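The values are calculated or read from the model by the stated rules, or taken from the named source; none is laboratory data. Being a predicted model, the structure only gives us computed values, none of them experimental. FYI the Cβ positions are ideal-geometry reconstructions off the backbone, even for glycines, and counts take in every protein chain you see.
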Amino acid sequence: MADRTLYTLYMCVWKNIHLLDLYQSGPFDNYYNKQMKQTLQQDIITHFSARVPQYASYPPVNYFHDNIDKFIQGRWLRQVASDEPISLYVHIPFCKQICWFCACRTQGITSLGPLHLYVQALCQELNLISESLPQYPNLIRLSLGGGTPTILPADLATKLLEKIFTVFKPSANFEFSVEIDPTDASEDVLQTFANFGMNRASIGVQDFEPTVQTAIGRKQSYGETQNVIKILRRSKVKNLNVDLIYGLPYQTKASFKRTLAKVAALDPDRIALCGFAYVPWMSKRQVMINTTLLPDNQARFELFVQGQKFFVEKGFMPIGIDHFSKPHDGLAKAAKQGRLQRDFQGYTEDTSSVLIGVGASSISKFPQGYVQNHPVTSDYTQSIFQSGPIICKGYVLNDHDKLIAKLIESLMCYFAVSSSQLISEFPQQKTEIQIALCKLKERFSEVCSYESGQLIIYPEARGMIRVIANYLDKFSTKINPTQ
């Protein structure tokens, strides 16, 4: 049975309390005088936009290295138990139109030729994976991401999915999700995905304001988004996510209010409200964005608070740092049952310890560590067809890494850590756990409590949770509290 301790702590600090309380009389008044409160407010706003990892993994991807056995994934696959539930992520790194804000691994194409070659490579990689796995392994989740998965014509989507389902056997509670760009999603391919069992769709919106869209190199009308959702509903796709971004050029409270209202009218089940990260050294296309038009830290924070308040008032449950879920949705249920996890796609109810990434730049996660495929599509396909190693880098976890990963995940999911729960999972590291929590309390004493083995981050300080998690990161320049 799932441990609900963390959820209980989480709701104790969440109920009827939002970051908006920073600007009103609120819980801070119980602890601090006016001057201290103002200082803490400004610190939290500054930390809210700090350049620290999102901690979708630990260690973060930028600390994966190429000094790893390029065939180690085969050995890890062979250690997967026959009844082990498996998640599969397939990356489609192509778009017809490249949006300037996007930092994902993708490239523009003008013909179907690259798609045919790439799908052939994906099928070959699936063949290689199947050679190391038990026969017909149990597939609990399938996700197609990009790029633009809906760029695939129906025949190529069929070819890919048929291959997947010859290798894997869907479980009883199987979830099949697809990232959908409403500007490039034909009814044929949407119906094809639905025919193969798609039961969740993630709709990329970002922002509906034309001025904002122009500034980020995107053009997407509310009407075409509505039309895609109607097709999905008609095809019996019951679960809909909407992805939004705050911190974009020309975004204001007034303009964002209009986007939020339109999103609510689409009646999604889940919202991802993520901050725009300007990282042109990682994604050169972002140099097209006029940085003088980007909101400052204060404005970014206020946009997030606006979105947070809006969705909570609409009946969504806040999940982690940037997700919102209706009470009936699987993510909300997982949070209540203490099963919430964090991975490369954000927050998830998927409890599988094995995530297999297929395609260029995809990352696979195993209990033993991580491996990543070649990020450049041509390098990936060449390695596949020449029977060379497709892994370019990775990371093998030691016991310390596994503990820190769990600590950080607990903070990122629940803004709380239960020492008893950690000790039950890592009994040989009891002292290390106690030292880490005590030093977190010492370093962040103004924004957390530590009593009876429970570390709880105050609700006002949720915006700086990544900075708090970063304190545990041995790769950070900050002091490691477990040393």
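At-a-glance table
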{"item": "Test result for residue 80, assigned to a strand (DSSP E or B), of a type in the set (Val, Ile, Thr), touching a residue at least 40 places away in the same chain (Cβ under 8 Å) and within 23 Å of residue 140 (Cα to Cα)", "result": "no"}
{"item": "Region 234-258, residues that are buried (at least 21 other Cβ atoms within 10 Å of the Cβ) and part of a helix (DSSP H, G or I)", "result": "256"}
{"item": "Wholly enclosed helices (runs of 4 or more DSSP H) of region 303-416 bearing at least 1 residues in contact with a helix residue (DSSP H, G or I) (Cβ under 7 Å, 6 or more places away or on another chain), assigned by TED's automatic domain parsing to the domain that holds residue 201 and closer than 27 Å to residue 144 by Cβ", "result": "330-336, 377-385"}
{"item": "Set 142, 112, 133: member being over 20 Å from the mean Cα position of the chain (by Cα), in the same structural domain as residue 172 (by TED's automatic domain parsing) and closer than 19 Å to residue 357 by Cα", "result": "133"}
{"item": "Qualifying residue in region 249-261 (condition: among the charged types (D, E, K, R), more than 30 Å from residue 108 (Cβ to Cβ) and not assigned by TED's automatic domain parsing to the domain that holds residue 461)", "result": "yes"}
{"item": "Region 79-108 - residue that is buried (at least 19 other Cβ atoms within 10 Å of the Cβ) and of a type in the set (S, T, N, Q) and, of those, farthest from residue 371 (Cα to Cα)", "result": "106"}
{"item": "Test: residue 206 is buried (at least 22 other Cβ atoms within 10 Å of the Cβ) and within 26 Å of residue 108 (Cβ to Cβ)", "result": "yes"}
{"item": "Index of the failed condition, residue 147 passing every other in (1) modelled with pLDDT under 95; (2) buried (at least 20 other Cβ atoms within 10 Å of the Cβ); (3) farther than 24 Å from residue 289 by Cβ", "result": "(3)"}
{"item": "Leading residue by the ranking (nearest to residue 322 (Cα to Cα)) among those in region 426-483 that are of a type in the set (Ser, Thr, Tyr) and at pLDDT below 90", "result": "476"}
{"item": "Residue match in region 425-437 (condition: closer than 22 Å to residue 41 by Cβ and surrounded by 22 or more Cβ atoms within 10 Å (Cβ to Cβ))", "result": "no"}
{"item": "Close pairs from region 185-198: first in contact (Cβ under 8 Å) with a residue 12 or more places away in the chain, partner of a type in the set (S, T, N, Q) and surrounded by fewer than 19 Cβ atoms within 10 Å (Cβ to Cβ), Cβ under 7 Å, at least 6 apart", "result": "190/235; 191/235; 192/158; 194/235"}
{"item": "Criterion: within 21 Å of residue 239 (Cα to Cα) and assigned by TED's automatic domain parsing to the domain that holds residue 222 - qualifying residue of 167, 178", "result": "178"}
{"item": "Matching option when the condition is in contact with a helix residue (DSSP H, G or I) (Cβ under 8 Å, 6 or more places away or on another chain) and farther than 28 Å from residue 369 by Cα, among 49, 111, 57, 132", "result": "49"}
{"item": "Selection from region 42-64 of residues that are more than 21 Å from residue 367 (Cβ to Cβ), in contact (Cβ under 8 Å) with a residue 24 or more places away in the chain and in a helix (DSSP H, G or I)", "result": "43, 44, 45, 46, 47, 48"}
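For (1) hydrophobic (A, V, I, L, M, F, W, C); (2) at pLDDT below 95; (3) over 30 Å from residue 49 (Cα atoms), each residue gets a yes or a no:
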| position | (1), (2), (3) |
| --- | --- |
| 199 | no, no, yes |
| 205 | yes, no, no |
| 229 | yes, no, yes |
| 239 | no, no, yes |
